[in-house]
Every structure is written in structure tokens, then in C-alpha cells.
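Trainee: There's a structure below that I have some questions on.
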Amino acid sequence: MMERDIILNELAQGVRPMSQGIEWFDTCGPEEQAEVLLSLRHHCVQARAVAEDGLESIRRAGLRPTHTPAVLILCGSIDQQLGKIAGLTPVDERRKAFRLLVAVLAVADERRRQRFCSGGCGHWWHNLPVVGGELAKVELERTE
């Protein structure tokens, strides 16, 4: 697991505030931002995001329905649309894409956690500490 994966999951679970996430994302160069967005897309697919997650994700991300990522998430196959959102290149659209993809991950992962992990699980991303923002070294070693 990478530090980036930890940060993205902390953001999706509300362990880390979105303001910190935007600040972190803005410090990344264009290539790294593209990698972050692709990682988010992958996490959303793994969490089994569905088209019905779109409206709630737009609301959580604080986007207007006319923003490009918001328009994209509501049109067509969710997997294809997530890829299009992750591929946006203008800087202001990337920030919106980042916020939206974190929200999609949050919505999809909450549903998956309720359905499949409510009795407990071994997923490291479902066992993030509430305080401190970093996984304990023991947790990292256990998952490697």
C-alpha cells in the first residue's frame, strides 16, 4: 500500500478533512495529479461504485450540477465516466474531479462496508485510526 492510498481512504472516510486533501492534491505536479485521479478511479471501481452514486457524490463534493465532472458522472456507464473524470486536464477541473472522485469512493465504500464488512473485516482501509492520520506500523506490517 502507498501513502497515497492511505490519504485517499482517510479523505473518503472523513478521517482527514477535504481541505487537507485539496491542499495535498494542489502540491502534486500535473503527472502526479493524473496518477492520483487514476488511483481514485481504481478505488471507486474496486468499491463497486454504481450510477446511482452520482447525485449523492455531487452533493457531498459540493459541486454544481453544471460542473464538468458532475455532468460526466450522470451520463453513461459509471466505469467509463469515472475514467473520463480522472482524465480531465484543466487545473480547475482536476480539483473538481478530485473532490467528486473522493465523494464517489466515500459513497460506494460506505455501502460496501455495510453490506459486506459490517461484522468486521481485515481490510486495512476499513481499520484506519480516527486520530493521527497514519496507520500504526503494526497495521502496515500486517498487510504487507
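The values are calculated or read from the model by the stated rules, or taken from the named source; none is laboratory data. In this text, all values refer to a predicted model and were calculated from it rather than measured experimentally. Cβ atoms come from the backbone with ideal geometry, glycine included; neighbour counts cover every protein chain shown. Heads up: the accessible areas ignore ligands, DNA and RNA and are worked out on the full protein's heavy atoms, side chains in. Shrake-Rupley method; radii C 1.70, N 1.55, O 1.52, S 1.80 Å.
Trainee: Looking at (1) over 19 Å from residue 87 (Cβ atoms); (2) open to solvent by less than 60 Å² (accessible area, probe 1.4 Å); (3) not in a loop (DSSP other than H, G, I, E, B), which is the only condition residue 58 fails?
Mentor: Single failed check for residue 58: (1).
Trainee: Every residue in segment 1-18 that is assigned to a helix (DSSP H, G or I) and open to solvent by less than 80 Å² (accessible area, probe 1.4 Å), please.
Mentor: Result: 4, 5, 6, 7, 8, 9, 10, 11, 12, 13, 18.
Trainee: Restricting attention to segment 34-45, does a residue exist that is loosely packed, with under 15 Cβ neighbours inside 10 Å and of a type in the set (Gly, Ala, Ser)?
Mentor: Within segment 34-45 (the criterion being loosely packed, with under 15 Cβ neighbours inside 10 Å and of a type in the set (Gly, Ala, Ser)), the answer is no, since none of the residues qualifies.
Trainee: Still on this model: Can you work out which of the residues in segment 62-80 that are crowded, with 19+ Cβ neighbours inside 10 Å and under 19 Å from residue 112 (Cβ atoms) is modelled with the highest pLDDT?
Mentor: It comes out as 73.
Trainee: Which of the residues spanning segment 25-55 are closer than 14 Å to residue 101 by Cβ, part of a helix (DSSP H, G or I) and hydrophobic (A, V, I, L, M, F, W, C)?
Mentor: Within segment 25-55, 25, 34, 36, 37, 38, 40, 44, 45 meet the criteria.
Trainee: Restricting the search to segment 81-110, which residues are open to solvent by 70 Å² or more (accessible area, probe 1.4 Å) and modelled with pLDDT under 95?
Mentor: Across segment 81-110, the qualifying residues are 89, 91, 92, 110.
Trainee: Do you know which residues across segment 90-110 are free of Cβ contacts under 8 Å to residues at least 40 places away in the same chain and either part of a loop (DSSP other than H, G, I, E, B) or touching an Asp or Glu at 6+ places or on another chain (Cβ under 8 Å) (or both)?
Mentor: Answer for segment 90-110, where residues must be free of Cβ contacts under 8 Å to residues at least 40 places away in the same chain and either part of a loop (DSSP other than H, G, I, E, B) or touching an Asp or Glu at 6+ places or on another chain (Cβ under 8 Å) (or both): just 90.
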